[in-house]
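Asker: Sharing a structure, written as structure tokens. Questions coming.
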Amino acid sequence: MKYLANVTTIRLITDKCVGCGKCADVCPHGVFVVEGGKAAITDRDKCMECGACATNCEFGAIEVESGVGCAAAIINSIIYGGEPSCDCTGSSGCCG
Amino acid sequence: MQELNIRRYQQPEAAQSCAAKVKPEYVTGTIPTQAGEIPRVSSSWSRADRLGEIKSRVGAFRMRYTVEPGLYAVGEPGRDSDVFASANYKLSFDILRRALSGMNAWILVLDTNGINVWCAAGKGTFSTAEMVKRIASSKLGEVVDHRVIIAPQLGAVGVRARQVEKLSGFKVRFGPVDAADIPGYVRAGHRKTDAMRRVKFTLKDRLVLTPMEINPAMKQYPWFAAAILLVAGLQPTGIIFADALKGLPLLLLGLLAVFTGAFVTPALLPFVPFRSFALKGWLMGMIALIPAANMLDLAGKSLPYQAASYIFFPMASSYIALQFTGSTTFTGMSGVKKELKIGIPVYLASTAIATLLLVASKLIDWRIL
């Protein structure tokens, strides 16, 4: 299952990549492969912007605006301000 | 919202302090270590555990379903046994200890305010800092000789493995996404297959989430029902109860929209056309509305009444389906923002238009129009 096309903010800065493969290890959607000593993005549209790759890239080679992909959280942030934050009472994919 | 969140966080803590006084039934004894007695937990589920899972899947009970953070033992672990990290949401902990059945291992439960691993990692409670803190407070370094913690892969959102190692000396290895794959992972010499790295979203995964889609939608339903009954009952002479019953078809269509948005769309998710959840929900709402309108003889009503129904109910289904983005394993924030940017004006406009049409249908009933 893939979500909307061409929306993800993920960016791989290949120059900084050393090909350690941490991103491929932590990505739950198989967005990365390591080929020829560098990571590469296979299918951008599979990325759900969870941020696990960027958090665990020691070389700052991945940038992504990560956050909760949750309509209720984003609506709340529009109404009440602040960053979208999942209150985790309504779901368990984000919350399960 | 802020207040609400604070209240929600306080509940699990209150529950924890109570739980600390009585020994939980899943604790079957203790294991002596250099760091003191470590509680040993059963790797099988009792009736209470199974009931707890059901209760936590359907409602607010989940907010109080916690275990005390700290170190636990499964089987007869020793100084070389694996250490698995978990969240202090009891369902997360239960799924892990069940997966460790027949193994000798340690479980390090982090304090995530009773939230599961993935969500807590996103919120920053299943985090580098908490892991470092919990390693220290549980004296893990005195219990085992090795310096490796196996964390659930989805915890990588909040845990910076390198940083944990720098601060605590413990290397974090990200294990399988699904705890059920742990035995296979351990057997393979702590190696993950690509399949173990992927988060799935099966029919069963989706179905267990639907109660928490239906519940919040049904909490709003009384407001909708009250508004419909009020408008339907409104007569030039006042509010007539018998006339209010004319609103019954709309109440049923409202329930249908909840059903298609909160149950049908999530259940059939991969089979419903479009990637947009708003479009998926709208389509399912419209498909269900056509036979329902036939059954409720909507064609016998005034044109504005019919138009209001066809505009509002598929939109309601769409809006409810869009909420499911919060529960899936693959929807990202940028996508949801895009859907809402287009969706919110459309939802507001269609609700306004449907309301005006309903008022127009009243005026026709009163022979004013």
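Computed from the coordinates by the stated procedures, all read-outs in this text should not be read as laboratory data. Here the structure is a predicted model, which means the values were calculated and not measured. Every residue, glycine among them, receives a Cβ derived from its backbone with ideal geometry; neighbour counts consider all protein chains shown.
Asker: Give me the mean projected area, in nm² to one decimal, of the convex hull enclosing the Cα positions of the range B:172-291.
Answerer: 11.1 nm²
Asker: I need the fraction of alpha carbon pairs in the range B:249-369 separated by more than 23 Å, rounded to a whole percent.
Answerer: For the range B:249-369, the share of Cα pairs beyond 23 Å comes to 33 percent.
Asker: For B:Ala180 and B:Ala129, FRET efficiency with R0 = 35 Å and r from the beta-carbon atoms, rounded to 0.05?
Answerer: Plugging the Cβ-Cβ distance into 1/(1 + (r/R0)^6) gives 0.75.
Asker: If you fit an axis through the alpha-carbon atoms of helix A:71-80 and take the longest principal axis of the Cα set of chain A, what angle between them do you get, 0 to 90°, nearest 10?
Answerer: 60 degrees
Asker: Further question: If packing is taken as the mean number of other Cβ atoms within 10 Å per residue, what is the order of B:96-107, B:182-193, highest first?
Answerer: B:96-107, B:182-193
Asker: Take chain B, compute every pairwise Cα distance, and split them into 10 Å bins from 0; I just need the percent in each bin.
Answerer: Bins of 10 Å from zero give 5, 20, 25, 19, 14, 10, 6, 2, 0 percent of pairs.
Asker: Let me ask you something else. Can you list, largest first and rounded to whole Å, the semi-axes you get for the range A:11-65 by taking the square root of 5 times each eigenvalue of its Cα gyration tensor?
Answerer: Equivalent ellipsoid semi-axes, largest first: 15, 12, 10 Å.
Asker: With label points built 7 Å along Cα→Cβ from the Cα atoms of B:Ser101 and A:Glu63, find their separation and express it in nm.
Answerer: About 4.9 nm, to one decimal.
Asker: Counting other C-beta atoms within 10 Å, and keeping those with at most 12, which DSSP coil chymotrypsin sites (Phe, Trp or Tyr not before Pro) do you find in the range B:312-369?
Answerer: B:Trp366
Asker: Percent of alpha carbon pairs in the protein assembly as shown separated by more than 38 Å?
Answerer: When all Cα pairs of the protein assembly as shown are counted, 32 percent exceed 38 Å.
Asker: I'd like the mean, over residues of A:44-57, of how many other protein chain beta carbons sit within 10 Å of each residue's own Cβ.
Answerer: For peptide A:44-57, the averaged partner shielding equals 6.
Asker: Give the calculated FRET efficiency between B:Thr193 and B:Ala136 to the nearest 0.05, with a Förster radius of 41 Å applied to their Cβ-Cβ distance.
Answerer: The value I calculate is 0.75.
Asker: Only Cα pairs under 8 Å and at least 6 apart count here; give the relative contact order of chain A as a rounded whole percent.
Answerer: Reported as a whole number, the value is 26 percent.
Asker: Ok, one more. Determine ³J(HN,Hα), in whole Hz, for all residues of the range B:312-328 in sequence, where each value follows from phi through the Karplus function 6.51 cos²θ - 1.76 cosθ + 1.60 and θ = phi - 60°; x replaces Gly and Pro.
Answerer: Working through the residues one at a time gives 6, 5, x, 5, 4, 4, 4, 4, 5, 5, 4, 5, 5, 4, x, 10, 6 Hz.
Asker: With a cut-off of 18 Å, note down the residues of the range B:236-267 whose backbone N falls inside the zone around a label point 7 Å from the Cα of B:Gln306 toward its beta carbon.
Answerer: B:249-250, B:253, by backbone N distance to the label point.
Asker: Per residue of B:38-47, how many C-beta atoms from partner chains lie within 10 Å of its own C-beta, taken as a mean?
Answerer: 0
Asker: Which number comes out as Rg/Rh for chain A once both Rg and the Kirkwood Rh are worked out on C-alpha atoms?
Answerer: Over the Cα atoms of chain A, Rg/Rh equals 1.02.
Asker: Per residue of B:62-68, how many C-beta atoms from partner chains lie within 10 Å of its own C-beta, taken as a mean?
Answerer: That average works out to 1.
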